[in-house]
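The next block holds one structure in the form of structure tokens; read it before the comments.
Please treat every number below as a calculation from the coordinates, not as lab data. No experiment lies behind these values; they were computed from the predicted model shown. Cβ atoms come from the backbone with ideal geometry, glycine included; neighbour counts cover every protein chain shown.
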Amino acid sequence: MGGRVKPGHDAEAEIRTVTELTHLTLAEARDGLKAKTFSATELTKAHIQAVEQARALNAYVRETPDQALAMAKASEERIAKGEARPLEGIPLGIKDLFCTEGVETTAGSNILKGFKPPYESTVTRNLWNDGAVMLGKLNMDEFAMGSSNETSAFKPVVSPWRREGSNVGAGTSGSIEGTHLVPGGSSGGSAAAVAAHLCLAATATDTGGSIRQPAAFTGTVGIKPTYGRVSRWGTVAFASSLDQAGPIARNVRDAAIMLRSMASPDAKDTTCVDMPVPDYEAAVGRGVKGLKIGIPKEYRVDGMSPEIETLWEQGTAWLRAAGAEIVEVSLPHTKYALPAYYIVAPAEASSNLARYDGVRYGLRENGKDIVELYEKTRAAGFGREVKRRIMIGTYVLSAGYYDAYYVRAQQIRTLIKRDFEEVYASGVDAILTPATPSAAFGIGEKGSGDPVEMYLNDIFTVTVNMAGLPGLAVPAGLDAQGLPLGLQLIGRAFDEETLFAAGQVIEDAAGRIALPQAWWKA
């Protein structure tokens, strides 16, 4: 653990200390601050420097160093008074979907350019109340619509991971397509920032897998909590019945610490449950002895990488060795989840995004009348993927198609939820599946001609959102190209504690995934 940087130290010693401070886990940093091994300002300065040196990754769309240092100073004053809070002095990255008072919030879209909310989202307010420090706003797919972070109006995030043998670096000229890897999406900026040590943890959101898929792609841990566990107030909406905020962190313990601070009852969000928030960290290390873990046969899909199949079997063996009972289960309506999701989500998006019209905030294009103003503003402000989903959503909600598509998709959703309820009623405590059908792919490799190819990345994750259940992605190994692969644990509603307990078993068995070298500084 790095000590204080004192005047007279040489540059090499300072760089070494910065590296040590940014390579701490959140729990280690928390303990170091408590022990006064280093100060909140030193920790924050180290991360500000790391962010500045990593702009080639394009993880941050807005850096807030002055605000971060002011928050760190306030944390030091509270620590000195013995008034430290759970996240006191911890530098975090905030996904650009969370409204932050006075700090531009754009949801990765040109249509919200210049929008500075006069209010704070409940999630970020909870974090600041617990003493956390904001380093800046993180890049994301536009309005959280994407699986690769390539739909962002601020250009793609570049994953800190590279294929084995690749010598691509920050100074590579020309196109980045096919050379750099995607970090996943829509929370790609969050995952890349955590993996590259540009923050100790980050907020993220998950509508169909947007926490778990990027976590799996970057060797980080991400949890999508039960729908209603974390308030959605002040978070820019994509699909309101599916969206849920959660953390991406370096390990299971850090994710547990983050979720406890992010979650809370909230009278401003009627879908947020009025339940006490458990001490999730206490569940870490509890083990899985006596638990029943289900393996769903329907998740063995055509085209799944043999490496994913092998990893799944390895994860099953690890849990069995730790004392869990492994049983095969059936979720028969799984095959309908992806098409049903891509009806429900665009339908809700078309309704939610109707508010962006150029009248009250954000981008405004002039027109001869109100209709032309709407048309020009939305044409200029929304990207291709957002327009595609608005059109799909408007179509399935239109007269003559509502019953044929939207109503039937909601009926399928009910059946998917019932499948899970029946499995858990049989005594199963959690379900183990792959997190993604493959490792990360190259920027520009998928989805350019056929968007459905990109949508298939959500094949293992969308069921969790459709059923409103918690899901945890844990890094479990590397593929033949040296890229991270993840496993997913799906739990009962409001039983995130079991996921943290089982996730820690997988993390311990897999060992720490070797984090990427900082090639982006070259």
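Where does the chain land at 222 nm, in deg cm²/dmol rounded to the nearest 500, when only DSSP H runs of n ≥ 4 count, each adding -39500 (n - 2.57), divided by all residues?
Here the helix-only value at 222 nm equals -11000 deg cm²/dmol.
Length gain on complete extension for the stretch K116 to V301, per 0.36 nm per residue less the alpha carbon to alpha carbon distance?
Working: separation 185, 0.36 × 185 = 66.60 nm, distance 4.44 nm.
Separation in residues times 0.36 nm, less the Cα-Cα distance, equals 62.2 nm.
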**Fill in**
Phi angles of segment 110-119, converted by Karplus (6.51 cos²θ - 1.76 cosθ + 1.60, θ = phi - 60°) into ³J(HN,Hα) in whole Hz with x for Gly and Pro, give 5, 6, 9, 4, x, 6, 10, x, x, 8
**Prompt:** Roughly speaking, what is the centre-to-centre gap between segment 184-207 and segment 101-135 when only Cα atoms are used, to the nearest Å?
**Reply:** 16
**Request:** Obtain the nm distance between the two label points defined at D279 and R355 by a simple spin-label model: each point lies 7 Å from its Cα along the Cα-to-C-beta direction.
**Result:** 3.8
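Over the chain, what is the percentage of antiparallel beta bridges among all DSSP beta bridges, to the nearest 5?
Working: 29 of 43 bridges.
Counting only bridges with both partners in the chain, antiparallel ones make up about 65 percent.
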**Prompt:** When the chain is fully extended, how far beyond the present Cα-Cα distance does A399 get from T19, taking 0.36 nm per residue of separation?
**Reply:** 130.9 nm
**Request:** Take the Cα of L415, step 7 Å along the line toward its Cβ, and report every residue of segment 313-342 whose backbone nitrogen sits under 20 Å from that point.
**Result:** 329-342
**Karplus-derived HN-Hα couplings along segment 387-400 (A = 6.51, B = -1.76, C = 1.60, θ = phi - 60°), whole Hz, x at Gly and Pro** = 4, 4, 6, 4, 5, 4, x, 5, 4, 6, 9, 7, 4, x
**Prompt:** Taking the Cβ-Cβ separation of T310 and V407 as r and a Förster radius of 45 Å, what is the calculated FRET efficiency to the nearest 0.05?
**Reply:** 0.65
**Request:** Please go through the residue pairs K335/K417; K292/K417; K335/K387 and name each one whose alpha carbons sit more than 22 Å apart in this structure.
**Result:** K335/K387
**Message:** Based on DSSP loop calls and a cut-off of at most 16 other Cβ atoms within 10 Å, the longest stretch of the chain free of exposed GluC sites (Glu not before Pro) is what?
**Reply:** 178-364
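Taking other Cβ within 10 Å of each residue's Cβ, how do L87, L259 sort, fewest first?
Details: L87 28, L259 25.
Sorted ascending by nearby Cβ count, the order is L259, L87.
Please order Y336, Y406 by the number of other Cβ within 10 Å, starting at the fewest.
Fewest-to-most ranking of Y336, Y406: Y336, Y406.
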**Order of D130, D243 under a 10 Å beta carbon neighbour criterion, fewest first** = D130, D243
**Complete:** The simple spin-label model distance between K521 and R388, using points 7 Å out along Cα→Cβ, in nm, is 3.8
**Note, ³J(HN,Hα) from phi for segment 84-99, Karplus 6.51, -1.76, 1.60, rounded to Hz, x at Gly and Pro** = 4, 9, x, 10, 4, x, 8, x, 10, x, 10, 4, 5, 8, 8, 5
**Request:** Please label the shape of segment 261-336 as rounded, prolate or oblate, based on the square roots a ≥ b ≥ c of the eigenvalues of the alpha-carbon gyration tensor (a/c under 1.5 means rounded; beyond that, a/b larger than b/c means prolate, else oblate).
**Result:** oblate
**Message:** Suppose the chain between K368 and K289 were pulled fully straight at 0.36 nm per residue; how much longer would it get relative to their current alpha carbon spacing?
**Reply:** 21.5 nm
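Report, in listed order, any pair from K224/K446; K73/K268; K81/K116; K73/K113; K224/K268 with a Cα-Cα distance greater than 28 Å. Before the final figure, lay out each step's value.
Values: K224/K446 25 Å; K73/K268 31 Å; K81/K116 33 Å; K73/K113 30 Å; K224/K268 21 Å.
Over 28 Å apart, Cα to Cα: K73/K268; K81/K116; K73/K113.
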**Request:** Sorted from largest down, give the three principal axis spans of the alpha carbons of segment 255-411, whole angstrom values.
**Result:** 70, 39, 30
**Prompt:** Can you list residues whose amide H is under 5 Å from Y60's amide H, if they're 5+ apart or on another chain and H is modeled 1.01 Å from N?
**Reply:** N139
**Request:** Read through the labelled values [x] 28; [y] 57; [z] 17 and report the label of the one computed as percent of Cα pairs over 40 Å apart from the structure.
**Result:** [z]
